[in-house]
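The values are calculated or read from the model by the stated rules, or taken from the named source; none is laboratory data. Just so it is clear, the model here is predicted, and its values are computed rather than measured. Ideal geometry is used to build each Cβ from the backbone, glycine not excepted, and the neighbour counts take in all protein chains shown. Just so you know, the surface numbers come from the protein's heavy atoms only, side chains and all, with ligands and any DNA or RNA stripped out. Shrake-Rupley method; radii C 1.70, N 1.55, O 1.52, S 1.80 Å.
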Amino acid sequence: MCVQPFEKIKRGMGIGGWMTNYKRVRFLPIDRAFEITIGDKEHFERFITQWDIQNIRSFGMDHIRIPFDQCVIEEYDKPFSYREDMLKLLDRVIDWSLQEGLEVILNLHHAIGCYCDFPEASSLLDDEELTVRFIRMWEMLEDRYRDLDIVFELLNEVTSRDTEKWNTFAKRAVEALRAKNPTRRLILGCAHWNHPEFLKDMYLFDDPYIGYTYHFYAPHAFTKQRTTIDVKKYLYNREIPYPGDPSYYKDFARFCGQSEKEFDGYDIIGREYVEDHLKYAVEFKKAHPDKWLWFGEFGSIRHANLRWRENWMRDVIRYTVENDIPFSSWNYLSTPYDCNRFSLVTDDERKIISEEILRLIQGKV
């Protein structure tokens, strides 16, 4: 089967830090965590400009991943009440992207009831009201963008480990959207935070307008080292190299009370380790050549040593390109106060931090 609907999507970049990860809700009082303040609104207005979209295009990207949080466009405590001012800002960035000839992937990054870094907000698949709100929101966006040929990525990372629940939920959402638009391009990920190993458990639709995705950050001890969003990594506070001696990784695992087994059998944690953990995506692609597969998110924390970041990106992208899988890197720019920054550009001039990383995200490996 031809996968024409997605053929122009090859190399892209996400713009987290704008309508998602604008602040870390897990650190806020639970009763106010999803409140949108005047400061938030000013941030949404100013953070991403038309120049930024042109800048992303100048890097040689052919698509842009635009993430948003449900609570940004739908009032958290008022179901089905949508913020028109926020939607107009979303319209604006979509229009700028289309003007630059970029394919647009609209990504629900954090749904109400599904926050990848906030386990207290993980009830989406078990709550009928939240399920209805999720579906109704996407139906609203379908109505709003019915004349635009953009892609809907229904949910960033499913925090549930219950694959069957997610498959059932996804079927219901797809059915609702298909009733409105039989050819809207949709992207679905798997349970377990989009780990490639669980692609095999996804329900696959007999629909050429549906693609599938996965994310990758292994080894987390490297890609998220010393992040303040993870207490154990923050407490450990150690630089971890890539490639690196397994002793670094095993010591971190012991410190966190985790198993060291994933690092057994390696003389060095490097290219072989990465490919062993990405092979599940390649296996999925070979098993389902009629399905379109997209590597939707990967990156390393900004404060990691730049040479080590380049090394990791090189190994990840090389394997991806060798297996002809389109990809989108994470992330164009994170806010200075985000405790999990994955920026690919500098804060002020917004220039790519490394010519080598630019070459790599262009697919030149």
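Taking every residue in the range 179-194 that is on the phi > 0 side of the Ramachandran plot and pairing it with any residue that is acidic (Asp, Glu), at least 6 positions away or on another chain, the pairs with Cβ-Cβ distances below 7 Å are Trp193/Glu157; Asn194/Glu157.
Mind listing just one residue for me: the one in the range 86-108 that is of a type in the set (Asp, Glu) and more than 24 Å from Thr37 (Cβ to Cβ) and, of those, least open to solvent (accessible area, probe 1.4 Å)?
Restricting attention to the range 86-108, the residues satisfying the condition of being of a type in the set (Asp, Glu) are 91, 95, 100, 103.
Cutting the leftovers down to more than 24 Å from Thr37 (Cβ to Cβ) gives us 95, 100, 103.
Details: Asp95: 68, Glu100: 53, Glu103: 29 Å².
Among them, the one singled out is Glu103.
Just to verify a result, which residue in the range 327-360, among those that are part of a loop (DSSP other than H, G, I, E, B) and in contact with a strand residue (DSSP E or B) (Cβ under 7 Å, 6 or more places away or on another chain), is most open to solvent (accessible area, probe 1.4 Å)? The extreme case among them is Lys351.
Can you name every residue in the range 1-32 that is hydrophobic (A, V, I, L, M, F, W, C), in a loop (DSSP other than H, G, I, E, B) and in contact (Cβ under 8 Å) with a residue 40 or more places away in the chain? Please lay out each step first, then the result.
From the range 1-32, those hydrophobic (A, V, I, L, M, F, W, C) are 1-3, 6, 9, 13, 15, 18-19, 25, 27-28, 30; that's our starting set.
Narrowing further to those that are in a loop (DSSP other than H, G, I, E, B): 1-3, 9, 15, 18, 28, 30.
Within the range 1-32, Met1, Cys2, Val3, Ile9, Ile15, Trp18, Ile30 meet the criteria.
When Ala121, Ala111 are checked against the criterion of being open to solvent by less than 40 Å² (accessible area, probe 1.4 Å), within 28 Å of Asp230 (Cα to Cα), at pLDDT below 95 and aliphatic (A, V, I, L, M), Ala121 stands alone in meeting it. Checking the range 297-320 against the condition returns a match, with at least one residue being assigned to a strand (DSSP E or B) and under 20 Å from the mean Cα position of the chain (by Cα). Would you check which residues across the range 109-156 are farther than 27 Å from Ile9 by Cα, touching a residue at least 60 places away in the same chain (Cβ under 8 Å) and hydrophobic (A, V, I, L, M, F, W, C) and list them? Listed by number, the residues that qualify are Ile112, Phe118, Ala121.
Given Asp324, Asp290, Asp267, which one is in a loop (DSSP other than H, G, I, E, B) and over 25 Å from the mean Cα position of the chain (by Cα)? Please lay out each step first, then the result.
Details: Asp324 fails: over 25 Å from the mean Cα position of the chain (by Cα); Asp290 fails: over 25 Å from the mean Cα position of the chain (by Cα).
Exactly one residue qualifies, and that residue is Asp267.
Of these, Arg11, Arg57, which one is touching a strand residue (DSSP E or B) at 6+ places or on another chain (Cβ under 8 Å), within 24 Å of Leu358 (Cβ to Cβ) and crowded, with 16+ Cβ neighbours inside 10 Å? Working first, answer last.
Working: Arg57 fails: touching a strand residue (DSSP E or B) at 6+ places or on another chain (Cβ under 8 Å).
Result: Arg11 is the single residue among Arg11, Arg57 that is touching a strand residue (DSSP E or B) at 6+ places or on another chain (Cβ under 8 Å), within 24 Å of Leu358 (Cβ to Cβ) and crowded, with 16+ Cβ neighbours inside 10 Å.
One residue alone among Leu177, Leu199, Leu204 is buried (at least 22 other Cβ atoms within 10 Å of the Cβ) and either among the aliphatic types (A, V, I, L, M) or modelled with pLDDT of 95 or more (or both), and that residue is Leu199.
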